[in-house]
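Worksheet for the structure shown next.
The values are calculated or read from the model by the stated rules, or taken from the named source; none is laboratory data. Please read all numbers here as calculations on a predicted model, not as lab measurements. Cβ: placed from backbone, ideal geometry, glycine included. Neighbour counts: every protein chain shown.
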Ligand code: 4AD
C-alpha cells in the first residue's frame, strides 16, 4: 500500500523471493510486471522480479497487527504511526479532499482568499482564550517584548477579513486558529482549522445562511463523490452507527429544497423548555446554549442541520449587529447546528453603524484598542457579515466521528502537545 487509496496492490512472488524481513509494516521496493489479475478481487496484480526490504519492522513491537481492525481510540495513542492504518489514512485523504472542496467552493463563487495573520494583537472574540506569545528566554535583552505590544496566536481571522471586506465584496480565509480552552471535550481543540468568510453588502442574515448552506452542501457532495471508498470505510466499519440516507447522501438535502431548517433563538428556548428531556443545564431566555441543547434541537428538527438565529445581544461579541428590538434585545447572529456535533458554524451581521459600534466599544472599554476598527466604519462602511466553520467539527459531522482528536493529524489540547 502506498497511501494513494484504500486499495493495496497484490504482489505475487515466487518462494525464492521470500525474505524473513518481509513482515507487516515493513517498507519495501518491488519491481515486476503489472498483470491482469485472475482473481475478481482486484483488476491487476504485480508479478515481482525483485523485492527489497528497505526498512524492516519488528511485528512484535509494531502496535498494529495484520488483518486486525484497531479502534480510533487505540490508534490515537500512536500519533506518529496512526497514519499507516487504513482508518486514519482514509481520514487524511478525506481531510485533504475536503480542503480542496472548500477552496473550490470559494473560487467558484468569486471569493478572494486572504492569508490572515497567525500572530495578532487582538482578541476578536473577547473571550480571553488567548495564547500569548513571547520569544524564548534570551541573553539579549532587546528580544524581550519583541512586538512592543502583547501578541497572541489568533482566535479568529474575522477582524482581518473585515478589513478586506472594505476592498473586496467577498473574502475568505482557511487556516489554523488557537484557543486556550481548558477543555477535554470531544469537540474542542487548542489548535483547530477554521474556514471564515466575510460578505459585503448583506441585506439580512439570509445572505449568510445561504453561503453557509451552499458551502456545506457543495463540500459534502464533493467529498462523497471523490472519496466514496474512504467515506464508505468510515460509515461501514469505523463509525457504523452513522446514518447515511438511502440516496447515499449524508443528509437528505432533497427533502428540504432551498433551505435547511431555521429557527430563532427564542423559538429554540421554547422548544427546549417544552421538552421532557432531562438536561444537565436548565434553559431560560438569555442562557447560552450548551452542546446537549444543540444536539436536542438538531434531533427535534429531524436530524438535519439547523440554523438558530437572533441570539441575545449580551451573549455576542462587540462586533455583532444590534437588532434594536424590545423587550428581548437580540443581535443578528446565527449558528449552524449539525447532527452529532452541535455547533458547526458561528456567524453574524457586523455592526456597520459607527455610532452604535463606538457606543458598544466604549461600554466595554475597548474604543482605543479598536480605533482602527472604528475607522472601517468611518471610511465607506458597508453592511456586511460573515461566519466561521470549525473544519474538524465538519469532518466529525460527515464521518460520524465522536472525538475531534481523531480527525486532525496532530491534536493539541490541554495537557497534550505530542510530537
Ligand atoms: O463561534 P466561533 O467562536 O466564531 C468565531 O470565531 C467568529 N469570529 C467566526 C467568524 O464569524 N468569522 O467559532 C467558529 C467555529 C465554531 O462554530 C466551531 O465549529 C469552531 O469554530 N470552534 C472550535 N473547533 C474546535 N475546537 C475549538 N476549541 C473551537 N472553538 C470554535
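Observations on the structure shown:
- For residue 201, the conditions (1) away from the ligand (no atom under 16 Å from the Cβ); (2) closer than 24 Å to residue 99 by Cβ; (3) modelled with pLDDT of 95 or more are fulfilled apart from (2).
- Filter pass, residue 222 being touching a residue at least 60 places away in the same chain (Cβ under 8 Å), touching a helix residue (DSSP H, G or I) at 6+ places or on another chain (Cβ under 9 Å) and within 16 Å of the ligand (Cβ to nearest atom): no
- Residue 266 vs. criteria in a loop (DSSP other than H, G, I, E, B) and over 25 Å from residue 370 (Cα atoms): no
- Considering (1) modelled with pLDDT of 95 or more; (2) part of a helix (DSSP H, G or I); (3) surrounded by 16 or more Cβ atoms within 10 Å (Cβ to Cβ), the lone condition that residue 389 does not fulfil carries the number (2).
- Residue within the stretch 143-156 that is near the ligand (Cβ under 9 Å from one of its atoms), closer than 29 Å to residue 309 by Cβ and more than 17 Å from the chain's Cα centre (by Cα) present: no
- Inside the stretch 66-92, residues that are under 21 Å from residue 419 (Cα atoms) and in a helix (DSSP H, G or I) make up a count of 12.
- Tally of residues being within 20 Å of residue 121 (Cβ to Cβ) and within 15 Å of the ligand (Cβ to nearest atom) across the stretch 377-400: 1
- Test for residue 320: is it within 11 Å of the ligand (Cβ to nearest atom) and either free of Cβ contacts under 8 Å to residues at least 60 places away in the same chain or within 21 Å of residue 220 (Cα to Cα) (or both): yes
- Pairs are defined by a Cβ separation below 6 Å, a sequence spacing of at least 6 or placement on different chains, a first member in the stretch 338-365 that is farther than 30 Å from residue 407 by Cβ and modelled with pLDDT of 95 or more, and a second member that is more than 16 Å from the ligand (Cβ to nearest atom) and assigned to a strand (DSSP E or B); the pairs so defined are 356/322.
- Enumeration of residues in the stretch 163-196 that are more than 8 Å from the ligand (Cβ to nearest atom), part of a loop (DSSP other than H, G, I, E, B) and surrounded by 20 or more Cβ atoms within 10 Å (Cβ to Cβ): 165
Let's see how each residue does on (1) surrounded by fewer than 16 Cβ atoms within 10 Å (Cβ to Cβ); (2) touching a strand residue (DSSP E or B) at 6+ places or on another chain (Cβ under 8 Å); (3) closer than 12 Å to residue 24 by Cα:
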| position | (1), (2), (3) |
| --- | --- |
| 62 | no, no, yes |
| 68 | yes, no, yes |
| 84 | no, no, yes |
| 88 | no, no, no |
| 94 | no, no, no |
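- Residues located in the stretch 33-88, provided they are in contact with a helix residue (DSSP H, G or I) (Cβ under 7 Å, 6 or more places away or on another chain) and without any contact (Cβ under 8 Å) to a residue 12 or more places away in the chain: 82
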